[in-house]
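K.L.:
Mind looking over this structure? Questions follow.
The values are calculated or read from the model by the stated rules, or taken from the named source; none is laboratory data. From a predicted model like this one, the values you see are computed outputs, not experimental measurements. Quick reminder, even Gly has a Cβ in these numbers, built from the backbone with ideal geometry, and neighbours come from all protein chains shown.
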Amino acid sequence: GDQDFPGIIPLAIKDVFSIIQETPGREFLLRVSYLEIYNEIINDLLNPTGQNLCVREDAQAGYSSPTQSAITAELHLSTAEFSLFGSVLTFGAMFGAITSGPIADFVGRKWAMGLYAASCVAGWLAIYFSKGTFVLDLGRLAGGYGMGAFSYVVPIYIAEISPVNIRGALTTLNQVMISTGVSVAFIIGIVVSWRTLALTGLIPCAIMILGLFLIPESPRWLARRGNQEYKYALQKLQGQDADITHEVAEIQSCIEELKHHPKANIFDLFQKKYIRFVIVGVGLMVLQQFGGINGICFYASKIFKTTGFSPKIGTVIYALLQVVIPSVGATLIDKAGRKPLLLVSATGSALGCFLTAVSFYLKVHQEYTKEGGILAATCILVYIAFYSVGMGPIPWVVMSEIFPINVKGVAGSLATLVNWFGAWAVSYTFNFLMEWSSYGTFLIFAATNALDIIFVIIVVPETNGRTLEEIQVALNG
């Protein structure tokens with residue numbers, strides 16, 4: 001119940017589900033939403049060591065993970081070997097990002113998720129049975145592959161099956177579940193051994209694979225393949241009494257238009273007719289990551305300690321913010337729109353980073369007090385709160401909406417790859433930047449978030465309240 005896991009199921013999530021309950025075809029949307037929970041727990045359980053990135057790591061950042069010390073002691077890992085174990089997950093995720101689009105285009109969104117869940121199963125089994133670094137790293141790589149691939153196909157599938165009025169909320173809910181999975185994984189990780197934790201990861205994998213038999217394939221993917229069952233799938237999603245005539249006509253019109261365009265490859269994305277889609281989708285991913293989120297969350301505990309603020313308290317507040325704030329954003333995204341939330345998020349993130357830079361500047365010049373440390377920690381949390389309401393989830397929402405279906409696989413893979421590469425680059429360079437200049441680092445992040453404001457105003461279209469086909473028409477116009 002809620003009392004056992006405070007903050008894990010905030011009221012805002014219940015508000016989203018109340019909206020779903022009023023939507024035709026709600027039983028299938030609820031199944032998809034619950035599958036998201038299992039999917040994200042899979043992803044977050046992949047991080048028993050606290051060496052993963054961003055939202056999949058934040059709840060553990062302020063703690064000395066018992067699994068980390070246990071793995072190192074039992075398998076006699078050196079610092080270099082354990083660092084490889086931590087980083088190989090990211091490289092697996094990058095590979096997953098590259099291949100996820102083509103695979104999802106070939107076998108379908110639904111069964112692609114099954115393949116990625118199978119990759120996670122293989123990863124867990126390899127970790128559980130590992131006796132040395134090779135099998136351990138291989139398992140980590142397989143799990144990372146599944147996680148990176150999931151990060152593309154889940155928002156794409158949700159966007160393609162969701163009604164216009166709750167599409168943004170459901171896609172944002174995916175990010176909420178990532179943060180919720182962090183909390184669940186941490187609770188499990190502190191009471192069981194690392195090998196047992198690997199076995200518990202098999203449970204949600206199995207539930208997800210079985211759950212895939214209960215949900216339909218994406219109607220838009222079926223239509224693209226010329227499969228007339230897309231009408232049945234659409235009717236099943238919308239409800240047997242729903243009128244799908246208008247949506248069927250839009251899908252058919254879009255598919256007919258796409259027949260005149262061959263399936264795109266990576267080089268085709270830079271043609272004039274696709275370049276705006278790429279700039280929007282990839283640009284948001286670049287600004288999301290280089291705004292500093294992975295460096296800050298990966299080293300949150302260290303930052304709080306540097307400012308004189310309790311690392312444990314700071315990290316707990318940080319973890320709660322990453323659950324509660326995106327949940328609030330999920331209830332607002334289909335009401336306020338994507339662009340307003342992005343602008344509010346980028347503005348608050350820029351302000352939080354700038355004030356943090358000021359605090360570190362005062363510390364460097366010996367004008368620092370205890371109150372200054374509290375201010376710096378508070379500004380970090382302000383940044384996290386504003387980031388979580390917009391720049392965290394919405395780039396994934398927009399990415400899942402804007403790409404035409406004939407380039408969605410390759411374009412989505414590119415955007416996801418850029419995101420994971422940015423996550424690695426920022427987390428890897430953060431310590432070096434802080435050694436160079438603590439306040440200079442946060443000024444760079446503040447400038448990047450300020451650039452984000454300009455980018456959103458000038459380049460990013462508003463996709464709220466439009467069908468996916470209407471978005472294509474607007475951007476092509």
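K.L.:
From the list ALA117, ALA112, ALA149, ALA93, pick out the single residue that is under 30 Å from HIS246 (Cβ atoms), within 18 Å of the chain's Cα centre (by Cα) and crowded, with 17+ Cβ neighbours inside 10 Å.
P.N.:
Working: ALA117 fails: under 30 Å from HIS246 (Cβ atoms); ALA149 fails: under 30 Å from HIS246 (Cβ atoms); ALA93 fails: under 30 Å from HIS246 (Cβ atoms).
None of the other options fit; the residue is ALA112.
K.L.:
From the list ILE207, ILE188, ILE215, pick out the single residue that is modelled with pLDDT under 85, surrounded by fewer than 24 Cβ atoms within 10 Å (Cβ to Cβ) and over 21 Å from ALA97 (Cβ atoms). Don't jump to the end; show me each part of the working.
P.N.:
Details: ILE207 fails: modelled with pLDDT under 85; ILE215 fails: modelled with pLDDT under 85.
Every option except ILE188 fails the conditions.
K.L.:
I would also like to ask the following. Got at least one residue in the range 291-308 being in contact with a Lys or Arg (Cβ under 7 Å, 6 or more places away or on another chain) and surrounded by 17 or more Cβ atoms within 10 Å (Cβ to Cβ)? Outline the logic, then answer.
P.N.:
Applying the first criterion (in contact with a Lys or Arg (Cβ under 7 Å, 6 or more places away or on another chain)) to the range 291-308 yields 308.
After this cut, where a residue has to be surrounded by 17 or more Cβ atoms within 10 Å (Cβ to Cβ) as well, the list is none.
No, that holds for no residue.
K.L.:
Could you name every one of the helices (runs of 4 or more DSSP H) located completely within the range 241-330 that has at least 1 residues being more than 17 Å from the chain's Cα centre (by Cα) and within 22 Å of LEU342 (Cβ to Cβ)?
P.N.:
Details: elements: 245-258, 272-290, 293-298, 300-307.
In the range 241-330, 272-290 are the helices (runs of 4 or more DSSP H) which contain 1 or more residues that are more than 17 Å from the chain's Cα centre (by Cα) and within 22 Å of LEU342 (Cβ to Cβ).
K.L.:
Against the definition (of a type outside the set (Ser, Thr, Tyr), over 18 Å from the mean Cα position of the chain (by Cα) and at pLDDT below 90), how does VAL176 come out, yes or no? Give the derivation first.
P.N.:
On the way: of a type outside the set (Ser, Thr, Tyr): yes; over 18 Å from the mean Cα position of the chain (by Cα): no; at pLDDT below 90: yes.
When the stated conditions are applied, VAL176 does not pass them.
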